[in-house]
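Quick notes on the structure that follows.
Any read-out appearing in this document is the output of simple, stated calculations on the displayed coordinates, not a laboratory observation. Quick caveat: nothing in here was measured; it's all calculated off a predicted structure. Don't worry about glycine lacking a Cβ; one is built from the backbone with ideal geometry, like all the others, and counts go over all protein chains shown.
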Amino acid sequence: MMKTTCSHTGIEHCQHSAATPTAVLREEHEVILRALAVLERLGGELAAAKPVNPDSVQWLANFFRTFADRCHHAKEEKLLFPALERHGVPKEGGPLGVMLMEHEQGRALVRTFAAGDPPTAAQAMRSFVVLLRDHIAKENEILFPIADRVLPAPEQKTILEAFEAAECELGGPELHRQFLEELAQLESK
């Protein structure tokens, strides 16, 4: 990633080295998968009645709310999915509707594991890990190849620029750097 200055706010932000919107989203999927591995480990410890640092659980809930939802899913829902719909990819009864439904299911599971007692939280964590891994696979293997085929290059460039502006509004490279550093700390525990 390169740093540039946001033309909307004057704030320095990340400019992805990725050439397409789907490449950016795939890069973010890799980070989300890393966090899912940590969540899976903590959920297993909770299920086995082992002590788990509640701050780690809350950090992961915040990560999934902020990085995965407000950053990643927001790009999909507000920018990529509407573009795909304009190019004939159906929302109702099609892949976009499934992705949107799964985003909602994921939000509910994050709320549950963030606020639940250990057995409830452990079950919600397991369900969330399974849901999101499957969701990411569907996007990477089915939806993103469709997007790469149907979206013309100029529109992909426009979406990519909109992704960067959206990141700028959320905190830019500092927020990403902080999440990546803290995730690495959790991974090493």
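Some values worked out for this structure:
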item	result
Helix-only [θ]222 nm of the chain, DSSP H runs n ≥ 4, -39500 (n - 2.57) each, per residue, nearest 500	-22000 deg cm²/dmol
Spatially proximal lysines relative to LYS138 (Cα-Cα < 18 Å; intrachain offsets below 8 disregarded)	LYS75, LYS91
Coarse-grained scattering of the stretch 65-109 at q = 0.14, 0.18, 0.21 Å⁻¹, given as base-10 log I(q)/I(0) from a Debye sum over alpha-carbon atoms	-0.32, -0.51, -0.67
Shape call, the chain: gyration tensor on alpha carbons, a/c limit 1.5	oblate
Straight-distance crosslink candidates among aspartates and glutamates, where the alpha carbon sits under 14 Å from LYS157 and sequence neighbours closer than 8 are dropped	ASP148
Cα shape, the stretch 94-189, gyration tensor, a/c 1.5 rule	oblate
Alpha-carbon centroids, the stretch 162-181 and the stretch 18-41: separation in whole Å	14
The stretch 65-96 residues near the modelled GLN185 label - backbone nitrogen below 19 Å, point 7 Å along Cα→Cβ	65-68
Cross-link reach list, lysines versus LYS189, counting only Cα pairs under 23 Å and skipping chain neighbours closer than eight places	LYS50
Exposure proxy order (Cβ contacts within 10 Å, fewest to most) of VAL24, VAL57	VAL57, VAL24
Cβ-based net charge around PHE163, under 14 Å, with every Lys or Arg adding one and every Asp or Glu removing one	-4
